[in-house]
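Let me begin by presenting the structure, written as C-alpha cells, before commenting on it.
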Amino acid sequence: MKRILSIDIFRGLTIFMMVFVNDLAGVSDIPAWMKHVAADADGMTFVDVVFPAFLFIVGMAIPFAVQGRLSSSDTWGFWRHVVQRTLGLLILGVYMVNSGEMNLEANLIPKWIWAPSLYVAAVLIWNNYPQKESGGTTNKAKILQAVGGLILIVLYFLYRKGEAGNLSGMTPSWWGILGLIGWAYLISILVYIGSGKGKWGVLGGFVGLSLIYIGIRTQVPFLAESWLGGQSGHLAHALIVLSGIFCSTLMNNGQEAKSHQNKVLHMLLWGLGLLLLGYLTDPIEGISKIRATPSWTYYCAGICSILYPFIYWLVDVKGKSKWASFLQAAGKNPLLTYIIPPFIYGILGFSFLPAFMNSGWLGFLKAIAFSLLVLAIARWFTEKRILLKL
C-alpha cells in the first residue's frame, strides 16, 4: 500500500484537538458544548469525539503497518513489536495517571522534577534512533534506552500518593489515555490478523465483537458475569479502531484502479451504517463517553468514518494539503506532541498563568495559542530527529 497523506493529516488534526481540549478542560466559564458531558448525562459534545478520532486513525494506519512488517516474513519480529508497543503504551499511560494523583507533600522529590523526568525517560526509551548499517540498534542508542529505563525505575520508587497515614506507591487506578489506546490496539490487531486481513473478515470480526460487547452491556449472563464483563470499555474502544481498519480496507483492498468516488462512497455508506447503529443502540444505555456506551461508540465511529473521506478527497484526490502544513509534525510524531503539554505543566504547574487567562473566551483563545505552541515545539523536535515510535 502506498502512503496516504490524509491519514497523517487526520492524525495531526486529532492530536492538535487532543492537546486543545485537554488544555480547555482547565478553563472555566465556557459553554457546556466545549466540555465533556458528565458521566450521568445522556449526550455528547465534539470534545467526546476527539479520543475516538485518534482510535479511528490508529485503525486506519494498521493495515499499512501490518503489511510493511509482515512483508519481511519475520512473524516473530512482528508480534514482538505488537507486544512491545502495547506494553509501552500501558506503562507510559499508568505513569502519566499516577503523575496526576501524586501526593505533592509526601512524594520523595518535587513534582516539577518527577514529572519532567518521566517524559525525558520516554524520549530516551522510545526515540526512533538511527540503525546500524548491518541492522539493529547502535550501542549509543542502547545506552540511552537503558538510562531511560533506569529513570523510570527510580521514579517508581520515589513516588507516593494517598493521604497521610495511608500512603502508597504507584498503582494503576486506570490505564490512562495511552493505556486505553494500547489495549484497543492489541485487541484490534488480534481481530485483524485472525480475520485474515480482508474486508469481509474485518467486517465479520467487527460484528462478532459488537455482539459480545452489546451482550455484556445488556447483561447477558454468560457474558456479563464472565471476565469479559469487566472489559466492555476496552471492547468499545477496539470497535472504534476496527471501524478505522475497515475503512482502510475499503480504500486499499488491492484494487488500485478503483475510482476515488467509489472509495469515498463506500466509506460514507459505512459511516452512515454506524450512525444508524448508534441510533438503534441508544435505548440500551444512552450516549456517554465516560461509560463507553454502545450508542456513543457507534456514533463516534460513524462520525469519524464520514469526516475522514472528506479529508481524503481534499488531500489525496485534489492535492490540497498546504493548509495542513502546521499539522505535519503532529501527524508524524503524535506521541511526542501528546507528552509536551504535561512536560510543560509538570515544570510550571497549572496555575502559573493569571486566573483571568483561564476563564471565558480569553481562556479559550489561550488554549488555542498553547496548542499551536505545542505543535511548533513538536515540529522543532521532529526537525532535530527526535521522533518517538511506539
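Every number here is computed from the coordinates shown, using simple stated rules; none is lab data. This one's a predicted model, so the numbers in the text were calculated from it and none came from an experiment. Note that we place each Cβ from the backbone using ideal geometry, even for glycine, and neighbour counts take in every protein chain shown.
Lys and Arg at +1, Asp and Glu at -1: add these up for the other residues within a Cβ distance under 13 Å of A329 and post the number.
Details: positive: R11, K332, R379, K384, R385; negative: D8, E383.
For residues surrounding A329, the net value is +3.
Spin-label point model (7 Å from Cα, Cβ direction): what's the S168 to K140 distance in nm?
4.3
Once R0 is set to 41 Å, what does the formula 1/(1 + (r/R0)^6) return for the Cβ-Cβ distance between L314 and K384, expressed as a FRET efficiency to the nearest 0.05? Spell out each step's value before the answer.
Values: r = 30 Å, r/R0 = 0.74.
Result of the calculation: an efficiency of 0.85.
Within the chain, which whole H helices from DSSP have a Cα span along their axis of at least 18 Å and a mean Kyte-Doolittle hydropathy of 1.6 or more, if any?
Details: long enough: 5-24 (28 Å, 1.43); 50-70 (30 Å, 1.70); 75-100 (38 Å, 0.58); 111-126 (22 Å, 1.26); 139-157 (27 Å, 1.40); 176-194 (27 Å, 1.99); 199-217 (27 Å, 1.19); 232-251 (29 Å, 1.44); 260-285 (38 Å, 0.57); 294-312 (27 Å, 0.78); 334-348 (22 Å, 1.58); 360-383 (35 Å, 1.32).
Helices passing the filter in the chain: 50-70, 176-194.
What is the ratio of the Cα radius of gyration of segment 144-197 to 2.2 N^0.38 Å, where N is its residue count, to two decimals?
Numbers: Rg = 17.2 Å, N = 54, 2.2 N^0.38 = 10.0 Å.
Output field value: 1.71.
After finding the eigenvalues of the alpha carbon gyration tensor for segment 2-138, what semi-axes result from the square roots of 5 times each, listed largest first in whole Å?
Semi-axis lengths for segment 2-138 are 33, 25, 13 Å.
Taking 20 Å as the cut-off for C-alpha to C-alpha distance, list the pairs among K142/K389; K111/K384; K111/K389; K197/K289 that go past it. Could you put the intermediate results ahead of the total?
Values: K142/K389 15 Å; K111/K384 27 Å; K111/K389 26 Å; K197/K289 29 Å.
Distance filter (> 20 Å) returns K111/K384; K111/K389; K197/K289.
How big is the Kirkwood radius of segment 167-323, worked out from every pair of different alpha carbons and given in Å to one decimal? Kindly include the intermediate steps, with their values, before the conclusion.
Values: mean 1/r = 0.0596 Å⁻¹.
Computed over segment 167-323, the radius equals 16.8 Å.
Can you give the log10 of the normalised intensity I(q)/I(0) at q = 0.10, 0.11, 0.15 Å⁻¹, computed with Debye over equal Cα scatterers of segment 268-390?
-0.53, -0.63, -1.01
Quick check: pseudo-label points 7 Å beyond the Cα along Cα→Cβ at S325 and F350, how many nm apart are they?
3.6
For segment 99-171, state which trypsin sites (Lys or Arg not before Pro) are in a DSSP loop and have at most 13 other beta carbons lying within 10 Å of their beta carbon. Don't skip to the end; give the middle numbers.
Working: sites: K111, K132, K140, K142, R160, K161; in loops: K132, R160.
Here the trypsin sites (Lys or Arg not before Pro) that fit, given the DSSP loop and packing criteria, are K132.
Quote to one decimal, in nm, the extra length available between L365 and R80 on full extension: 0.36 nm per residue of separation minus the C-alpha distance between them. Don't jump to the answer; show the numbers that get you there.
Working: separation 285, 0.36 × 285 = 102.60 nm, distance 4.35 nm.
Gain in length upon complete extension: 98.3 nm.
Would you kindly calculate the translational diffusion coefficient of segment 135-254, applying Stokes-Einstein with the Kirkwood radius from alpha carbon pairs, for 25 °C and a viscosity of 0.890 mPa s, and quote it in µm² s⁻¹ without decimals? Could the numbers behind the result be given before it?
Details: Rh = 17.7 Å.
The estimated diffusion coefficient comes to 139 µm²/s.
Based on the alpha carbons, how large is the Rg to Rh ratio for segment 323-390 when Rh follows Kirkwood?
On the way: Rg = 13.4 Å, Rh = 13.0 Å.
We get a ratio of 1.03 for segment 323-390.
Would you please give the residues with an amide H less than 5 Å from that of L388, counting only those at least 5 places away or on a separate chain, with H modeled from the backbone geometry?
Long-range HN contacts for L388: N128, L336.
Roughly what would the spin-label model give for L280 and A224, points 7 Å off Cα along C-beta, in nm?
Here the answer is 2.1 nm between the modelled labels.
Count the net charge of all other residues whose Cβ sits under 15 Å from the Cβ of S351, scoring Lys and Arg as +1 and Asp and Glu as -1.
On the way: positive: K111, K366; negative: D23.
That sum, taken over residues with Cβ under 15 Å, equals +1.
Report, to one decimal in Å, the Kirkwood hydrodynamic radius for segment 61-137 based on all distinct Cα pairs.
Details: mean 1/r = 0.0654 Å⁻¹.
Hydrodynamic radius (Kirkwood, Cα only) of segment 61-137 equals 15.3 Å.
If amide hydrogens are placed 1.01 Å from N in the peptide plane, which non-local residues have theirs closer than 5 Å to the one on S359?
S28
Taking only Cα atoms and a 10 Å spring cutoff, compute GNM fluctuations for the chain and point out the largest among W380, W126, W175.
W380
Springs between alpha-carbon atoms under 10 Å, Gaussian network over the chain: tell me which of L336, L272, L167 tops the mean-square fluctuations.
L167
Using the scaling law 2.2 N^0.38 Å as the reference, what is the normalised Cα Rg of segment 160-223? Spell out each step's value before the answer.
Details: Rg = 18.0 Å, N = 64, 2.2 N^0.38 = 10.7 Å.
Scaled against compact globular proteins, the figure is 1.68.
Can you list, largest first and rounded to whole Å, the semi-axes you get for the chain by taking the square root of 5 times each eigenvalue of its Cα gyration tensor?
On the way: eigenvalues 203, 139, 109 Å².
Working through the eigenvalues yields semi-axes of 32, 26, 23 Å.
For N107 and Q131, what does the FRET efficiency come to when R0 = 41 Å and r is the distance between their Cβ atoms, rounded to the nearest 0.05? Kindly include the intermediate steps, with their values, before the conclusion.
Details: r = 38 Å, r/R0 = 0.93.
The formula returns an efficiency of 0.60 here.
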